[in-house]
1. Quick one: H79 ticks every box in (1) out of contact with any strand residue (DSSP E or B) (no Cβ under 6 Å at 6 or more places or on another chain); (2) surrounded by 14 or more Cβ atoms within 10 Å (Cβ to Cβ) bar one, so which box is it?
2. Name the pairs whose Cβ atoms lie under 8 Å apart, with the first residue in the range 79-103 and part of a strand (DSSP E or B), the second of a type in the set (G, A, S), and 6 or more positions between them or separate chains?
3. What's the number of the only condition in (1) under 23 Å from Y193 (Cβ atoms); (2) modelled with pLDDT under 95; (3) open to solvent by less than 60 Å² (accessible area, probe 1.4 Å) that Q49 fails to meet?
4. From the list F460, F445, exactly one residue is modelled with pLDDT under 95, among the aromatic types (F, W, Y) and surrounded by 15 or more Cβ atoms within 10 Å (Cβ to Cβ). Which is it?
5. Kindly state which helices (runs of 4 or more DSSP H) lie completely within the range 145-254 and contain at least 3 residues that are surrounded by fewer than 18 Cβ atoms within 10 Å (Cβ to Cβ) and not small (G, A, S).
6. Looking at I524, I500, which one is assigned to a strand (DSSP E or B), touching a residue at least 24 places away in the same chain (Cβ under 8 Å) and over 18 Å from V479 (Cβ atoms)?
7. For G63, all conditions in the list (1) open to solvent by less than 60 Å² (accessible area, probe 1.4 Å); (2) modelled with pLDDT of 95 or more; (3) over 24 Å from S239 (Cβ atoms) hold save one; what is the number of the exception?
8. Just one of R493, R414, R498 is closer than 22 Å to I374 by Cα, basic (K, R) and modelled with pLDDT of 95 or more; which is it?
Amino acid sequence: MARLNLDILHEITNEIAIFEARDRQATLSNLALICHAANESIRPILFAQVKWPHPDRHDQESGLHFFPEELWLYFRNFHLDWPDHWPDANPPLRGVKPSVNVYKAKHLDKLQVALPKMSNIHTFQMTCPFDPPNTLLGSLVACPNIKDLRITDTPLCSTALPSLPSNFILERMTLSPVAEVARIGEGPYGRRYHNVMYFACMHRKGHWDHSGDGNWHFAGQRYLFDLCRPECLRYLQISGNYCAFWDLAHSFWPSLETLVLTGPPCFNSRDGYSLADVVGRMPKLRDLRVLHCKVSGALIGDHAQPQIYMVQEPGSASRLGIDSMPPTIYSQITSLALSNVCNIKKVLRYTTALERLAVSAIITHPRKPIALSIQEIEGLLADLEAGGGNKHLKFVRIMSEDRLDSELFVDLGRVCPRLEIVEVEQCGYRNGDASDEWADYGDVFSTYKHLKELRIGIPFPGCDEHEYELEEDNCATCVLVDRKPCATYIASRVPTLRCIGFEYRARTTQSSLRYEDRWMDFDIVRLCDGSIKLIEQRPTWYPFPEVWERVILEE
């Protein structure tokens with residue numbers, strides 16, 4: 001057989017890379033069977049991201065099967081994803097339960113032996129229904145190639161962690177506790193949270209009932225400060241269940257570029273409720289995402305859940321025990337994402353270098369959040385203009401509770417003349433008669449001289465929620481009826497536009513009564529004769545806590 005041209009093989013694998021994850025893996029597996037050269041070339045791609053254990057790969061004698069040693073050098077991203085139902089089975093699967101709430105997994109020794117030999121590993125993610133044993137953590141820190149550690153949906157109880165070798169230096173750390181499920185607007189969210197059985201697992205029910213437990217808060221701190229060096233971290237995502245402002249402000253983070261705060265905001269008696277003091281300890285911080293969520297019914301004493309003050313109220317001195325930082329410290333931030341838990345009054349007057357801004361409505365699942373009103377958005381724009389932060393702004397993503405009209409976009413374009421990407425979503429989209437003509441929107445957006453991508457949740461008639469009793473194909477046609485001609489018209493008025501999208505309300509499956517907001521997006525192709533062709537994109541979404549880059553929505 002003639003040797004396969006490797007340049008051609010490279011082009012083929014590049015095309016396959018845009019497939020959905022499941023299709024991509026299946027196609028690569030089949031391609032690897034063509035010949036030895038194809039197999040050798042595709043192995044590093046096929047096994048770059050792996051997950052273990054596989055529920056169906058085991059035998060009675062050796063237990064869970066692990067990957068052959070000749071594949072270990074290809075691993076770049078390893079996910080220890082232990083099935084939720086194994087500890088709750090009777091008897092427990094792949095482990096033992098010495099007591100009611102304690103599960104000890106078997107066969108972890110296979111991973112512990114392999115970890116230090118994974119010479120090209122970069123990312124290790126852990127999602128387990130048990131407290132990670134110290135032997136596993138010891139093998140983890142013995143692997144100096146790991147630069148990105150993600151511990152998600154895993155109960156952390158141990159506070160005595162292994163000593164950190166001098167050559168184990170993390171650059172990225174993610175700490176997300178058990179059952180921390182955020183709902184962003186009324187759009188898509190993780191598929192695993194659709195099933196009520198996700199919340200019925202014993203370890204999640206116990207963790208949910210004691211989510212304010214001080215020991216777990218302390219364990220989260222220990223993982224942060226004992227497994228990483230603050231002076232070396234470049235990216236940190238951490239939940240308020242694990243860390244308060246006090247904890248962050250009492251360390252210096254000279255290399256940190258991205259800080260992502262999730263979960264309920266955590267306050268204690270020493271906190272002054274201002275983030276400026278925290279940002280002041282991070283001189284290289286550019287991307288700040290304060291994505292704390294509202295917790296319905298949460299009370300602190302006799303008071304409702306407090307807001308996060310980005311700027312200290314007059315006369316309220318910082319209680320952090322350090323010199324309080326002035327709000328001008330926010331001038332170093334170029335990308336700022338905020339949730340509706342944040343009190344954003346005045347903060348945008350100090351973000352003078354801002355290039356990207358996102359304001360989202362976030363609440364704990366399964367409730368639905370309430371987004372900003374039009375009046376609040378206008379106040380936000382006024383603060384931007386007053387501080388000069390509007391001058392460099394290129395990306396805006398905002399959720400509104402109110403129906404959108406052209407007047408809002410007139411103000412947005414006037415205040416932010418350099419916008420390239422605009423996304424304004426109606427949280428809980430509602431169809432209805434449009435208050436403005438297409439020409440009104442065309443007139444407005446034709447003044448946006450740099451606009452490349454536009455997504456707006458403006459109302460369209462027809463296709464109301466009860467009409468989704470129709471077949472799926474008919475529903476898609478119904479949504480397209482007005483949106484595609486409108487997209488063509490706006491594209492004809494805005495010559496710089498490359499992509500346009502409109503919001504609609506969709507039922508997630510034919511058998512479900514659950515609805516969510518979706519986007520119908522089009523790529524704009526401008527032909528030589530001056531005509532415009534629209535190519536419908538596949539559905540996309542922002543997997544939490546991502547706010548800047550969309551990915552394909554895999555149903």
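1. Going through the list (1) out of contact with any strand residue (DSSP E or B) (no Cβ under 6 Å at 6 or more places or on another chain); (2) surrounded by 14 or more Cβ atoms within 10 Å (Cβ to Cβ), H79 breaks only (1).
2. G95/A105; Y103/G95
3. For Q49, the failing item is (3).
4. Matching residue, one of F460, F445: F460.
5. 197-200, 202-209, 214-227
6. Unique residue meeting the criteria: I524.
7. Condition not satisfied by G63: (2).
8. The conditions single out R414.
The values are calculated or read from the model by the stated rules, or taken from the named source; none is laboratory data. Keep in mind it's a predicted model, so treat the numbers as computed, not measured. Every residue, glycine among them, receives a Cβ derived from its backbone with ideal geometry; neighbour counts consider all protein chains shown. Areas reflect the complete protein model, heavy atoms only, side chains present, ligands, DNA and RNA absent. Shrake-Rupley method; radii C 1.70, N 1.55, O 1.52, S 1.80 Å.
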